[in-house]
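Single-structure report; data block below.
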Amino acid sequence: MDVIVCVKQVPETAEAELKIDASGKKIEKTGLVFDINEWDDYALEEAVRIKEKFGGTVTAITVGPEDSDSTLRKCLARGADKAIRLTDPKFEGSDAFATAKILHSVIKTMHFDLILTGAQAGDDGSAVVGPVLAELLGVPHAAMVKKIELGEGKAVVNRELEGGLEERLEVKLPALFAVQTGINEPRYVSIMGIRKAMQKEIKVMRLSDTGLNESEVGESGSWLKIEKLYVPPVEKQAEFLQGSPDEIATKIVEILKSRGLI
Amino acid sequence: MKFELTEEQIGIKNAVKEFCDKEFKTEIALELDKKEEFPMELYKKAAKLGFTSMFFPHEYGGQGYGLLETCLVIEELCRADSSLGVAVSSGNFGSELILVHGNKEQKEKYLPPICRGDFISAAAFTEPNVSGSDITRMETTATKYGNEWWINGTKTFITNATIADFMVVLTQTDTKIRPTYRGETLFVVDKGTHGLETTKLHNKMGIRCSVTGEVRFDNVKVTDWNIVGELNRGFYYSMEFFDKTRVGVAAQAVGMAQGAWEIAFKYSKQREAFGQPIIQHEAIGCMLSELATKIEAARLLTYKAAWLIDAGKMDPMATAMAKQYASRVAMETTDFAIQTLGGYGYLGEYRVERYHRDAKITEIYEGTSEIQKLTVLKYLLRKF
Ligand SMILES: Cc1cc2nc3c(=O)[nH]c(=O)nc-3n(C[C@H](O)[C@H](O)[C@H](O)COP(=O)(O)OP(=O)(O)OC[C@H]3O[C@@H](n4cnc5c(N)ncnc54)[C@H](O)[C@@H]3O)c2cc1C
């Protein structure tokens, strides 16, 4: 099984105080800590487990700036065999579509049985790079995948649906699966892994290596343009429920039900 | 001159940080601190990832890195949690003596299980009736009868005493020679050897997850095989050993200081008094800035001392400066962290009081701060 995992380096935002930069379209990067996108972490782990079970290779690939190397090294330390970083000033401003095109330009030249991506990225959360990439490659895909069972030339996967439902699909290989968190428990990076990772090469490719032209990538190759980034105004909508505890409890249940929360 | 960690070293720090973020849970630390128990499960997990065998060579299952990388790991462990960090990073205390001076058989017997995390080790120098600062004369003796050495005496304050699978012990093998330190020898003794008795010491101020105990040797019989290195060289080996491990203590101190500082810094941005976050009150803000500066200075001293050793240019003065300064900074920082958190700082749940209790040991063990200052002075007088 040759598995390609698409990974992205994103800022850790759970506890950070985010600021919008002067352009009004990006967040201020200084002071932020960058790491592998959480969903990609699970995708990488799943790929390494597949390799450990069935043999083959794992290649981690990213479109990102030079400092994405730390994310690729982490993938290598956790068991990926190869890493590719696609970096070019012209790639900046790429939306999901342009990013998928860049990935496609390289992946189409590689052998693979399976492509794994995270279901979404923690920064822009668009959740479409995987599916678009699959379409460009002409392979089937499934998103929000919570379980993968591999068979001869096919895979059976469970997809997470709304309301706790799961859907089970049989998919022909090669295919692309966009992985949901919780599909596995990602391993820790070991010191042995780090040492091995340092001996592996990160292949760097630029626009000229992709066969794409300038107009196909970056802002000009994108369908979406960010107009403005802003912090949503805090809304103060509070409703005070009155009555006995029993009545209040009943009302709470009604409200939650009406919003589809329970 | 380069003031940057390599990509690999940053990777090592991050790996430990991620592990600790998930595994070093405050509840575990609070419980083990109360019960005075060693975090065996965490120790084994950390060992599996290579965190406890950084400077052991590959051939024994170690990671083949230097003291600097070892210090990076210790620092991160202690930053994440002072109690769990110290305990986990001291699980192999004393094994370096086997690595550096042991013969092939000893290395093969003890080092692979140490690297795997299957073994715990201890090193016993300090005695109840002899000042721990002065190990030039030991009351614990090893006397030769035929092919056997009979060890008799008591050691105290021994880290891992009751859980160690083996320990290295400093004994007086020649009681007549003067100066007395020329007659000291290190032996390695297995757990369960007849006549070896260990008891746990209770109610320590801090590092209560690290087990400390008394060790009694009552006609413990070993042979020449158990001598570590050469006969009557034990004192020299021990001094050299401490010149290295002391850097590790400095790293513990830097980690604890950093950890407590981070808790305090975060809190000071959230807690409001007189209409603004307390960090905006200069008494708090400036002190936190000053402490961050001191921590950085302590870190650089520590890294330099470790780097010198890795470069084969061990400088006991650098080591002593690092340990003495870092441990002082750890005390100051953890103290002020409590102050920053006010009443909450005084509660166990908020962690910083424990960091403070734990930090104190770094001024005591492996050479007190007073002794470090004497060492610095000794070398200064030689130089100037
Ligand atoms: C938790 C814990 C774990 C330990 N683990 C180990 C271990 O694993 N193995 C081991 O062998 N030991 C261990 N020790 C012992 C430790 O190394 C000693 O406690 C330490 O070296 C000090 O020795 P002492 O307690 O006998 O104090 P003393 O040497 O009696 O010192 C008492 C005071 O006098 C000062 N003093 C002594 N000499 C001078 C001087 N010349 N000038 C100025 N001041 C001086 C000291 O700085 C100190 O303030 C441990 C101790 C503790 C508390």
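The values are calculated or read from the model by the stated rules, or taken from the named source; none is laboratory data. All of these numbers come straight from a predicted model, not from anything done at the bench. As a convention, Cβ positions derive from the backbone with ideal geometry for all residues, glycine included, and neighbour counts pool all protein chains shown. Protein only, heavy atoms only, side chains kept; ligands, DNA and RNA dropped before computing areas. Shrake-Rupley method; radii C 1.70, N 1.55, O 1.52, S 1.80 Å.
Conditions tested, residue by residue: (1) in contact with an Asp or Glu (Cβ under 8 Å, 6 or more places away or on another chain); (2) modelled with pLDDT of 95 or more; (3) not basic (K, R).
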| residue | (1), (2), (3) |
| --- | --- |
| B:A87 | no, yes, yes |
| B:E96 | no, yes, yes |
| B:P113 | yes, yes, yes |
| B:F125 | no, yes, yes |
| B:W150 | no, yes, yes |
| B:I158 | yes, yes, yes |
| B:A164 | no, yes, yes |
| B:T171 | yes, yes, yes |
| B:R182 | yes, yes, no |
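When the range A:204-262 is filtered for residues that are of a type in the set (V, I, T) and either touching a residue at least 24 places away in the same chain (Cβ under 8 Å) or open to solvent by 60 Å² or more (accessible area, probe 1.4 Å) (or both), the ones remaining, listed by number, are A:V204, A:T210, A:V217, A:I226, A:V231, A:V234, A:T250, A:I252, A:V253, A:I262. Checked against the criterion of being within 28 Å of B:I12 (Cα to Cα) and either among the polar types (S, T, N, Q) or within 15 Å of the ligand (Cβ to nearest atom) (or both), the candidates B:A124, B:A80, B:A87, B:A161 yield just one match: B:A87. Scanning the range B:337-384 for residues that are within 16 Å of the chain's Cα centre (by Cα) and either outside any helix (DSSP H, G or I) or away from the ligand (no atom under 16 Å from the Cβ) (or both) returns B:I364, B:Y365, B:E366, B:G367, B:T368. Could you tell me whether the range A:155-164 includes any residue that is under 30 Å from A:G93 (Cβ atoms) and surrounded by 19 or more Cβ atoms within 10 Å (Cβ to Cβ)? Checked against the condition, which is being under 30 Å from A:G93 (Cβ atoms) and surrounded by 19 or more Cβ atoms within 10 Å (Cβ to Cβ), the range A:155-164 yields no hits at all. Tell me yes or no: at least one residue of the range B:46-64 is within 14 Å of B:F24 (Cα to Cα) and within 16 Å of the ligand (Cβ to nearest atom). Scanning the range B:46-64 turns up no residue that is within 14 Å of B:F24 (Cα to Cα) and within 16 Å of the ligand (Cβ to nearest atom).
Only one entry in B:F93, B:F119 is touching a strand residue (DSSP E or B) at 6+ places or on another chain (Cβ under 9 Å), open to solvent by 10 Å² or more (accessible area, probe 1.4 Å) and under 23 Å from B:A311 (Cα atoms), namely B:F93.
If the condition is being within 14 Å of another protein chain (Cβ to nearest Cβ), part of a helix (DSSP H, G or I) and in contact with a Lys or Arg (Cβ under 8 Å, 6 or more places away or on another chain), then the range B:40-72 contributes B:A47, B:K48, B:Y60, B:L72. Scanning the range B:24-35 for residues that are open to solvent by less than 20 Å² (accessible area, probe 1.4 Å), charged (D, E, K, R) and not in a helix (DSSP H, G or I) turns up nothing. Of the helices (runs of 4 or more DSSP H) contained entirely in the range A:163-262, those carrying at least 3 residues that are within 30 Å of A:A119 (Cβ to Cβ) and more than 14 Å from chain B (Cβ to nearest Cβ) fall at A:207-210, A:245-258. Could you please let me know if A:A178 is closer than 27 Å to A:D88 by Cα, under 20 Å from the mean Cα position of the chain (by Cα) and surrounded by 10 or more Cβ atoms within 10 Å (Cβ to Cβ)? It is true that A:A178 is closer than 27 Å to A:D88 by Cα, under 20 Å from the mean Cα position of the chain (by Cα) and surrounded by 10 or more Cβ atoms within 10 Å (Cβ to Cβ). Scanning the range B:192-206 for residues that are surrounded by 12 or more Cβ atoms within 10 Å (Cβ to Cβ) and more than 12 Å from B:A161 (Cα to Cα) yields B:T193, B:G195, B:K204, B:G206.
Hey, can you tell me all the residues within the range B:212-235 that are in contact with a helix residue (DSSP H, G or I) (Cβ under 8 Å, 6 or more places away or on another chain) and within 30 Å of B:C78 (Cα to Cα)? Matches in the range B:212-235: B:F235 only. Condition first: more than 22 Å from B:G66 (Cβ to Cβ) and surrounded by fewer than 18 Cβ atoms within 10 Å (Cβ to Cβ). Now tell me which residues in the range A:185-199 satisfy that. Those that are more than 22 Å from B:G66 (Cβ to Cβ) and surrounded by fewer than 18 Cβ atoms within 10 Å (Cβ to Cβ): A:E185, A:R187. Tell me which residues, restricted to the range B:93-117, are more than 9 Å from the ligand (Cβ to nearest atom), touching a residue at least 40 places away in the same chain (Cβ under 8 Å) and in a loop (DSSP other than H, G, I, E, B). Once the filter is applied, which keeps residues that are more than 9 Å from the ligand (Cβ to nearest atom), touching a residue at least 40 places away in the same chain (Cβ under 8 Å) and in a loop (DSSP other than H, G, I, E, B), the range B:93-117 yields B:G102, B:G117. For the range B:1-39, a residue qualifies if it is of a type in the set (V, I, T), in contact (Cβ under 8 Å) with a residue 24 or more places away in the chain and either within 14 Å of chain A (Cβ to nearest Cβ) or within 19 Å of A:S190 (Cα to Cα) (or both), and the qualifying residues are B:I12, B:V16. The condition of being open to solvent by 10 Å² or more (accessible area, probe 1.4 Å), among the β-branched types (V, I, T) and closer than 16 Å to B:G367 by Cα holds for B:T126. Suppose we filter the range B:154-184 for residues that are closer than 22 Å to B:G102 by Cβ and part of a strand (DSSP E or B); how many remain? The number of residues fulfilling the criteria is 11.
Across the range B:185-230, the qualifying residues are those that are within 14 Å of the ligand (Cβ to nearest atom), within 30 Å of B:M256 (Cα to Cα) and in a strand (DSSP E or B), and the one among them that is farthest from the other protein chains (Cβ to nearest Cβ) is B:E214. Of all residues in the range B:207-228, those that are within 19 Å of B:K155 (Cβ to Cβ) and open to solvent by less than 70 Å² (accessible area, probe 1.4 Å) total 14.
Among strands (runs of 3 or more DSSP E) entirely within the range A:1-89, having at least 2 residues that are within 14 Å of chain B (Cβ to nearest Cβ), within 25 Å of B:L5 (Cβ to Cβ) and open to solvent by less than 40 Å² (accessible area, probe 1.4 Å) singles out A:34-36, A:82-86. Could you check the range B:130-148 and list, in sequence order, the residues that are without any contact (Cβ under 8 Å) to a residue 12 or more places away in the chain and within 10 Å of the ligand (Cβ to nearest atom)? Across the range B:130-148, the qualifying residues are B:V130, B:S131, B:D134.
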